[in-house]
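Written below as structure tokens is the structure these notes are about.
The values are calculated or read from the model by the stated rules, or taken from the named source; none is laboratory data. Just so it is clear, the model here is predicted, and its values are computed rather than measured. Counting neighbours? That spans all protein chains shown, and the Cβs are built from the backbone with ideal geometry, glycine included.
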């Protein structure tokens, strides 16, 4: 079984225990990100993910007081025009200039009362060979030792849609120095089962090498696929889905439908009210989902996942037939 829990340690201090379901905040698609964060500050106490790009351009509050651990993304998502898998619509996005120098300016000036996990630089302008990606992340780790570091693995060329998976399997030993290894969901595979299989194979190889750091799937934060990736061996998840759609009984639904499905009063709520209610409910849904994940690791019983355990059982059976180590 690959579903697992890990401790993330800074010095002698345990700063987090997985699984982690990270509500993400981004100005891309959400120009009101600052207002959303101010609204949710009253409710959120768990780790979150923010962007160095948004920090640099002051698009989010600079002093964050409501999260006990911060994931500081490198800004590659905001600096690109393309969208992630949860965006069923394409909003016009005109990124501002972004490069490694601006990213490091954020790192140099970074101060937080909470521990921070910084993500290696993801250039919007060029792709790098995996060896150079690892070397670049190691150099940032060396230059900013007060931060925990996560290496984000990316495709090696603009023509490649997916990460160099076979090459990554051969280099898992080089991941040992980092706190986390990250992969973007849409860069894993073009099928959900293919992505699960690759996560399971990566976890198998890491376990064999004694590399016990958690796997982080960027762009996956919903009640079903997140759990599927968790069963395959990933432990950290983030995304903007929680701001776009409603979570209800193991499914992700359009926000207007969500307002009606939740209760009859949703018929009369204005759009802003609908969103505010959905964001709060989604956050608490994620907190409950994390508890279900923890209980599954403890017992191995898929019925902890209430509404979706039949689908999970089928997927896990298929995964175990493909990757025997998942049994």
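Would you mind stating whether residue 186 is part of a helix (DSSP H, G or I), over 24 Å from residue 16 (Cβ atoms) and in contact with a helix residue (DSSP H, G or I) (Cβ under 7 Å, 6 or more places away or on another chain)?
Numbers: part of a helix (DSSP H, G or I): yes; over 24 Å from residue 16 (Cβ atoms): yes; in contact with a helix residue (DSSP H, G or I) (Cβ under 7 Å, 6 or more places away or on another chain): no.
So residue 186 fails the test.
Does residue 274 meet the test of being more than 30 Å from residue 201 (Cβ to Cβ) and either in contact with a helix residue (DSSP H, G or I) (Cβ under 7 Å, 6 or more places away or on another chain) or not in a helix (DSSP H, G or I) (or both)? Break it down into steps so the answer makes sense when it comes.
On the way: more than 30 Å from residue 201 (Cβ to Cβ): yes; either in contact with a helix residue (DSSP H, G or I) (Cβ under 7 Å, 6 or more places away or on another chain) or not in a helix (DSSP H, G or I) (or both): yes.
The answer is yes for residue 274.
Taking only pairs six or more apart or across chains, which ones have beta-carbon atoms under 8 Å, a first residue in region 24-45 that is at positive phi and surrounded by 14 or more Cβ atoms within 10 Å (Cβ to Cβ), and a second residue that is part of a loop (DSSP other than H, G, I, E, B) and modelled with pLDDT under 90?
Here the result reads 29/83; 29/87; 29/91; 29/93, each pair linking region 24-45 to a residue that is part of a loop (DSSP other than H, G, I, E, B) and modelled with pLDDT under 90.
Does region 47-67 include one or more residues that are assigned to a loop (DSSP other than H, G, I, E, B), at pLDDT 95 or above and under 29 Å from residue 188 (Cα atoms)?
Yes, region 47-67 contains at least one residue that is assigned to a loop (DSSP other than H, G, I, E, B), at pLDDT 95 or above and under 29 Å from residue 188 (Cα atoms).
Looking at region 189-204, which of its residues are out of contact with any helix residue (DSSP H, G or I) (no Cβ under 6 Å at 6 or more places or on another chain) and in contact (Cβ under 8 Å) with a residue 24 or more places away in the chain? So that I can check it myself, show each step before the final result.
So the first thing to find is which residues in region 189-204 are out of contact with any helix residue (DSSP H, G or I) (no Cβ under 6 Å at 6 or more places or on another chain), and the list is 190-195, 201-203.
Correct list: 190, 192, 193, 195, 201, 202, 203.
Look through 283, 275, 247 and report the one residue that is under 18 Å from residue 307 (Cβ atoms) and touching a residue at least 12 places away in the same chain (Cβ under 8 Å). Please lay out each step first, then the result.
On the way: 283 fails: under 18 Å from residue 307 (Cβ atoms); 275 fails: under 18 Å from residue 307 (Cβ atoms).
Sole residue among the options that is under 18 Å from residue 307 (Cβ atoms) and touching a residue at least 12 places away in the same chain (Cβ under 8 Å): 247.
Could you give me the residue pairs with C-beta distances under 6 Å whose first residue belongs to region 165-181 and is under 11 Å from residue 137 (Cβ atoms), whose second residue is part of a helix (DSSP H, G or I) wherever it lies, and which are 6+ apart or on separate chains?
These pairs meet every condition: 174/134; 181/175.
Of all the residues that make up region 291-308, how many are loosely packed, with under 14 Cβ neighbours inside 10 Å, assigned to a helix (DSSP H, G or I) and without any contact (Cβ under 8 Å) to a residue 40 or more places away in the chain? Outline the logic, then answer.
Keep residues of region 291-308 that are loosely packed, with under 14 Cβ neighbours inside 10 Å, which gives 291, 298-301, 303, 306-307.
Applying the additional criterion that residues be assigned to a helix (DSSP H, G or I) yields 291, 298-299, 303, 306-307.
Filter again for without any contact (Cβ under 8 Å) to a residue 40 or more places away in the chain, leaving 291, 298-299, 303.
Counting residues in region 291-308 that are loosely packed, with under 14 Cβ neighbours inside 10 Å, assigned to a helix (DSSP H, G or I) and without any contact (Cβ under 8 Å) to a residue 40 or more places away in the chain gives 4.
Which condition number does residue 72 fail, the rest of (1) at pLDDT below 95; (2) in contact with a strand residue (DSSP E or B) (Cβ under 9 Å, 6 or more places away or on another chain); (3) over 30 Å from residue 300 (Cα atoms) being met?
Residue 72 satisfies every listed condition except (1).
Being within 28 Å of residue 243 (Cβ to Cβ) and touching a residue at least 12 places away in the same chain (Cβ under 8 Å) narrows it down to one residue among 311, 318; which is it? Can you show your working first?
Numbers: 318 fails: within 28 Å of residue 243 (Cβ to Cβ).
The unique qualifying residue is 311.
Could we say that residue 39 is touching a helix residue (DSSP H, G or I) at 6+ places or on another chain (Cβ under 9 Å), under 20 Å from residue 147 (Cα atoms) and either modelled with pLDDT of 95 or more or not in a strand (DSSP E or B) (or both) here? Full working, then the answer.
On the way: touching a helix residue (DSSP H, G or I) at 6+ places or on another chain (Cβ under 9 Å): yes; under 20 Å from residue 147 (Cα atoms): no; either modelled with pLDDT of 95 or more or not in a strand (DSSP E or B) (or both): yes.
So residue 39 does not fit the description; no.
Considering every residue within region 120-136, establish whether at least one is at pLDDT 95 or above, exposed (fewer than 13 other Cβ atoms within 10 Å of the Cβ) and not in a helix (DSSP H, G or I).
Yes.
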